[in-house]
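The values are calculated or read from the model by the stated rules, or taken from the named source; none is laboratory data. Keep in mind that this is a model prediction, so the values were computed, not measured. So basically every Cβ, Gly included, is an ideal-geometry build from the backbone, and we count neighbours across all protein chains shown. The protein model used for the area step is the full one, side chains on, heavy atoms only, and it has no ligands, DNA or RNA in it. Shrake-Rupley method; radii C 1.70, N 1.55, O 1.52, S 1.80 Å.
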Amino acid sequence: MVWEQNTQVIVMITHLFENGKPKCDLYWPDAGTETYGDMVVSLLREDILASYTLRTFSVRYMKPNGTVSKKEMANLERTIYQYHFTAWPDHGVPLHALPLVSFVRNSAAANAVDAGPIVVHCSAGVGRTGCYIVLDAMLRQIEARGDTNIFSYLKHIRAQRAHLVQTEEQYIFIHDALVEVIEAGETHINKT
């Protein structure tokens with residue numbers, strides 16, 4: 001799917017194991033290179049930050065016949081960035097909103113204009129994933145129009161995928177996070 005959709009950014013909002021239960025398969029190599037069917041994935045870099053880990057992968061598609069021209073070879077290898085938010089407990093919400101807001105902004109900004117859609121996943125694909133999608137969309141809406149309508153947007157996306165934003169606590173967290181963004185303004189400091 002990542003290859004087919006020309007995805008450049010994967011957002012992961014789960015741990016591999018939570019509360020002693022498996023939540024996500026390891027779909028990348030811990031180090032070096034792994035082959036998954038026709039795809040060769042290499043871990044190029046791993047940056048561990050306070051609330052998330054940024055992994056950089058090289059993904060290469062191996063054509064079944066194995067013969068490719070140099071021009072084709074350039075189109076058979078891509079760099080993929082995985083933003084892995086590590087400060088969100090299963091069946092809960094993060095302790096603080098601004099690290100998540102910063103994560104949403106950074107991961108969304110990493111997606112090139114000509115890239116495909118960002119792939120967002122958690123363990124079940126609805127709770128934390130829905131929160132990320134709503135926050136991203138509402139941050140963009142606030143920037144573009146200066147207003148937001150969380151309920152209307154959530155109703156719209158739930159028509160496409162049921163149960164997005166799984167709990168009342170998550171729904172309240174989205175509101176609290178956006179209030180904090182509006183009150184705090186831009187808190188990102190660029191390195192000079």
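Odds and ends about this structure:
- Dipole-positive endmost among A159, I142, H96 within segment 48-181 (Cβ charges, Cα centre): A159
- Maximal additional length on extending the R158-Y61 stretch stands at 31.5 nm, based on 0.36 nm per residue less the C-alpha distance.
- The fraction of accessible area contributed by carbon and sulfur in segment 96-192 is 54 percent, rounded to a whole number (1.4 Å probe; ligands and nucleic acids excluded).
- Accessible surface, the chain, averaged per residue in Å² (probe 1.4 Å): 59 Å²
- Amide H partners (placed H, <5 Å) of V9, local residues excluded: Y81, V119
- Each residue, D114 and R45, gets one label point 7 Å from its Cα in the Cβ direction; the gap between the two is 2.1 nm.
- Modelled spin-label separation between T53 and L95, with each label point placed 7 Å from Cα along the Cα-to-Cβ direction: 2.0 nm.
- Using a probe of 1.4 Å, the accessible surface attributed to F151 totals some 130 Å² when neighbouring protein chains are kept in position.
- The slack in the chain from H121 to E180, taken as 0.36 nm per residue of separation less the alpha-carbon distance, amounts to 18.8 nm.
- Each label was represented as a point 7 Å from its Cα along the Cα-to-Cβ direction; for Q141 and L16 these points are 3.7 nm apart.
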